[in-house]
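The values are calculated or read from the model by the stated rules, or taken from the named source; none is laboratory data. The structure displayed is predicted, hence computed values, not measured ones. Note: ideal-geometry Cβ built from the backbone for every residue, glycine included; neighbour counts use all protein chains shown.
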Amino acid sequence: MAKYSTSMVRELKPMILMVISQVAFGAVNIFYKLAFADGMRVRILIPYRLWFATAVMVPLALVLERNGRPKLTWMIAFQGFLCGLFGASLGHNLSGESLFLTSATFIAAMSNLIPALTFIMAILFRVESLAIRTLTGKAKVLGTVLGIAGAMVLTFYKGLEINIWPFHVHLLHHDQARAASEHNSGDHVWGSLLAVISCVSYAAWLIIQTKMSQRYPCYSSTSLMCLMGALQATVYALCTEKDWSAWKLGWNIRLVTIVYTGLVPSGLMIVATAWCARIRGPLYVSSFYPTGLIFVAIIASLFLDEKLYLGSIIGAVLIIAGLHIVLWGKGKEMKMAQSLDTKISRDGLTEISLVSDGNQAAIIPITASAQPSDASSAALDEA
């Protein structure tokens, strides 16, 4: 009986970790919204978050990868600079500004576009083949089109308002909620454009991160990215923010937001999702992305007085459907490539990999880095 219970826990562990990670990532939008309502500016929040993430990730990299980390070359440093730009400083600032102008639910829905946009960019940079004549190629194209159509619906169509709660618990004050509502109605299109650009930025990061992770291990590459992003975001904030009092922190929601976003999503959850990808594969990880959207939609409507509209639901459904069609096509393609690799190896020929360098980047929008080190994997396996 005990043996059965242990095996059951091991089977459920990846699923539990993925649900927790998606809830943790979704909570970022909620904390951001509360910090913005308290008067914190996006350009100041991002450097604080990235410096805190750097302080968390660097010691982990130094301890867990002290024996397996290769020499830091100029090429790796340049890739780290680009990852810090697209995946941290630029991407976070764009998504933060978009969140300030729209809503937490909207940003959570739009983030599901990242796999489709990564697929498009991978084709443009010739690290992914289109193969439009094949079933998998058609599935990826169809999923991409559905995702973009869903984003258009989210941007330009509201429809009927849907009330799912008989009561609301307002964490925002009345004036803050009214100001947020005015932003949503007046600058929704501009916020939508920023959201799409941020998704493009994250897609570019995934492609570069995949290249970088082939030479540099997980914790070290993430630490380098956080450091570069923190430096870039700090320079941008110092050049654009002249009010020094805006940098002041107290024992309030601003400090809670910085600590949470730097420690949990940028640190612990990256390790958890990378471990799940190693155990169950990238498709398994990607299938949990809608969980974050559902969590954010429920919490935001209950605590932040965000309105749900019919257009939001239709757009989210289209984006999620497109996501899973793209993942289905990619999964079929990877299985075909793996079976061919196995056949070539079994026949005694030189083993080659037919899976393009951008495959994981097109599938794992959160953790497109190398697998965790043996030490961290062993620690999670024993947990």
Reported set for segment 34-73 where residues are modelled with pLDDT of 90 or more and basic (Lys, Arg) is 41, 43, 49
With the structure loaded, tell me whether residue 243 is charged (D, E, K, R) and under 30 Å from residue 161 (Cα atoms) or whether it fails that test.
no
Residue list for segment 112-156, restricted to those being hydroxyl-bearing (Ser, Thr, Tyr) and either at pLDDT 85 or above or more than 18 Å from the chain's Cα centre (by Cα) (or both):
129, 134, 136, 144, 155
Those residues of segment 119-168 that are among the polar types (S, T, N, Q) and part of a loop (DSSP other than H, G, I, E, B) come to a total of 3
What about residue 255, is it outside any loop (DSSP other than H, G, I, E, B), without any contact (Cβ under 8 Å) to a residue 40 or more places away in the chain and more than 23 Å from residue 114 (Cα to Cα)?
yes
Hey, residue 263 in a helix (DSSP H, G or I), touching a residue at least 12 places away in the same chain (Cβ under 8 Å) and under 15 Å from residue 52 (Cβ atoms) or not:
yes
Identify, please: which residue in segment 212-257 is of a type outside the set (A, V, I, L, M, F, W, C) and under 18 Å from the mean Cα position of the chain (by Cα) and is, among those, surrounded by the fewest Cβ atoms within 10 Å (Cβ to Cβ)?
213
Looking across segment 194-220 at residues that are among the polar types (S, T, N, Q) and at pLDDT below 85, the single one that is nearest to residue 49 (Cα to Cα) is 209
Taking segment 316-331 as the search range and keeping residues that are in contact with a helix residue (DSSP H, G or I) (Cβ under 7 Å, 6 or more places away or on another chain) and under 10 Å from residue 139 (Cα atoms), which one is surrounded by the fewest Cβ atoms within 10 Å (Cβ to Cβ)?
328
Go through (1) under 27 Å from residue 237 (Cα atoms); (2) in contact with a strand residue (DSSP E or B) (Cβ under 8 Å, 6 or more places away or on another chain) and name the single condition residue 161 misses.
(1)
